[in-house]
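Participant: Okay, handing you the structure first.
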Amino acid sequence: MCIFVAYATIAAAQNYPSHSVLATGTWYKMAFDRSGVCRIGSAEIAGLNGVDCSKIAVYGNGGGLMAQRNTNERTNDLRQVAISLHDQNGNGRMDAADYIEFYAEGGDVWVHNAQSGNMEHRRHPYARYNYYYLTTTANAPTKRISNGTAVSNDETEPINTYTSVALLDNDILNTHETGQIWVGEKFSVTAPTRSFILSLPGVASGTSLRLRAALASVSTSDARFDFAYNGSTHNVTCTESRPYAVFTKNYTASTANPTFNITYIPSESLAAGYLDFIEINATTPLSYRNGQTEMYNMQHIGAGNTAQFSIAGATTATRVWDVSRNDSIVEMHLTQSGATATFTNTTETVGHYVMFDGNSRITPATVTRLDNQDLHATQGGDLLIVAHPSFVTQAQELADLHLIYDGISTIIVTPEKVYNEFSSGKQDPMAIRELLRMYKKRAEAGDGNACNDAREKVVAEEGVQKDPEGGCQQQSPEKGGVGHHRIADGPERHRSTTVRLERRTKAWKWA
Ligand SMILES: [Ca+2]
Ligand SMILES: [Ca+2]
């Protein structure tokens, strides 16, 4: 058996910082189960009281599942997001009336499907909450929401509608036990028809609705769903081999509260049908409403394009943020003329805006003080144990045994610490893979991570002359390389134990 032991200090690969931002300073962790403009003051975090405004920063990587493809762009630590800081008396300190605002994303997100041209919801299959991290001791330059300026060109497009989205998606049953698809309302032979009403504030009669829905049937024969809206019926067939059907359909709205009727027509009495979700993109007049309104713009998209957006019914309290990029949010410059407010912006890509009044806010579901942590500063051992805090003691016993008998160095981490640094706090298995990927990348940068002397031509430890067929190259730690031992059966055991005694302090523990 060949066991590789890395014990030298390895230079960090360039694309991973040497330390997490969470390594130093004072931190608070905030959980969000929905997206929106969030306001935080000393009422939400008492520790904000009296702190230097210039030291406040918020970090977070946004909602949604981490990318699963290795080729996708990924964030290598928590990323700072832009905030708006309101120091009401201008004294540079956070007082009771002072607060910050930023745009928080929940675990679920909406993404633009370039093929269909519509926004589609992406439910996070593993996490209900997304997290943001607030520090009151920022060392790095702090990001603030910038104020937009008027932009225009000869062909600035007037725009007075936006795409709103609506969703009905209940997760009650995991029909095929994949953990990914959770269906909701049930249909049966005895209860074949159900009605669903969605709310599309501001949608007027006659505007277009683009619907995407998913249905599932559990039966050993074909089953049909009749999906009806406004006198139009669409047939959806599920079969035993293809029990899950996603379909799209375009309608013309008749009201702002469309009712969809679904009837399940199976071929057998014990069959069961389920609705997974109904999702709508609606062309909605751009008018101001109280609270917060999420708006997407898919009009006049193109390189160098600009548009002027007109908001009907606006008041002096109306504000609009361009939240297309969470780390560089821009507050749109509104020009008020009577009850209409306008702003201009580039429309090179699909835009995501939130329109709100100064009094509306979402608040975190929980706020907790977070201890410093720094998995980014750890170098890969031979073995990684991800252990729930309840089992860290047992994991350490296991690590000690491996060290004593096999010379294996172990890093013990809890899932939450991995999530904090690699998935913005969300429970996401990709975060654990990303931690391992960081170790791998650093090992590659540190001059190889594999035993390149399988026949032990080089003596690895002090004065131990070994069989020329055994051993492995050891690089000098001073050279920043990776040292490897081939721990073999028989006499080599003694060396393993020696390794253990010397390295006992090298079993990292991050409970
Ligand atoms: Ca103040
Ligand atoms: Ca569902």
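Only the coordinates and a few stated rules stand behind these numbers; no lab work does. Computed from a prediction, not measured in an experiment: that's the story for all the values here. Cβ: placed from backbone, ideal geometry, glycine included. Neighbour counts: every protein chain shown.
Participant: Can you classify the stretch 167-281 as rounded, prolate or oblate using the Cα gyration tensor, where a ≥ b ≥ c are the square roots of its eigenvalues, rounded means a/c under 1.5, and otherwise it's prolate if a/b beats b/c and oblate if not?
Facilitator: In terms of gyration-tensor shape, prolate.
Participant: Quick one: which of 254-267, 327-340 comes out on top by average Cβ neighbours within 10 Å, and what's the full order, highest first?
Facilitator: 254-267, 327-340
Participant: What's the extension gain from Arg433 to Arg369 if we count 0.36 nm per residue and subtract their Cα-Cα distance?
Facilitator: 20.4 nm
Participant: Additional query: Below 8 Å between Cα atoms, with a sequence gap of 6+, how large is the relative contact order for the stretch 393-432 in percent?
Facilitator: With pairs under 8 Å counted, the relative contact order is 25 percent.
Participant: Could I ask something else about it? Using θ = phi - 60° and the Karplus curve 6.51 cos²θ - 1.76 cosθ + 1.60, what whole-Hz ³J(HN,Hα) does each residue of the stretch 360-375 get, with Gly and Pro shown as x?
Facilitator: Those phi angles translate into 8, 6, 10, 10, x, 5, 9, 10, 10, 6, 10, 5, 5, 8, 7, 5 Hz.
Participant: Please tell me which of these pairs span more than 25 angstrom C-alpha to C-alpha: Lys186/Lys426; Lys29/Lys143; Lys143/Lys426; Lys29/Lys55; Lys143/Lys441; Lys417/Lys441?
Facilitator: Over 25 Å Cα-Cα: Lys186/Lys426; Lys143/Lys441.
Participant: Going by the alpha-carbon gyration tensor, a ≥ b ≥ c the square roots of its eigenvalues, is the stretch 52-176 rounded (a/c under 1.5) or, if a/c is not under 1.5, prolate (a/b greater than b/c) versus oblate?
Facilitator: Taking the square roots of the gyration eigenvalues as a ≥ b ≥ c, the stretch 52-176 is oblate.
Participant: In nm, give the distance between the simple-model label positions of Thr252 and His112, each being 7 Å from the Cα along the Cα-to-Cβ direction.
Facilitator: 2.8 nm
Participant: Taking every pair of alpha-carbon atoms in the stretch 337-434, give the share separated by more than 21 Å as a whole percent.
Facilitator: Considering the stretch 337-434, 58 percent of its Cα-Cα pairs are separated by more than 21 Å.
Participant: Quick one: 3J(HN,Hα) in Hz for the stretch 38-52, Karplus 6.51/-1.76/1.60 with θ = phi - 60°, rounded, Gly and Pro as x.
Facilitator: Residue by residue, the stretch 38-52 yields 10, 10, 10, x, 5, 5, 8, 10, 4, x, 6, 4, x, 7, 5 Hz.
Participant: Okay, moving on. Using modelled amide H (1.01 Å from N, peptide plane; none on Pro or chain starts), what sits under 5 Å from the amide H of Arg122, excluding residues fewer than 5 places away?
Facilitator: Under 5 Å from the amide H of Arg122: Val109, Trp110, Val111.
Participant: Most exposed first by the Cβ proxy, i.e. fewest other Cβ within 10 Å, how do Glu157, Glu105 rank?
Facilitator: So the residues, fewest neighbours to most, are Glu157, Glu105.
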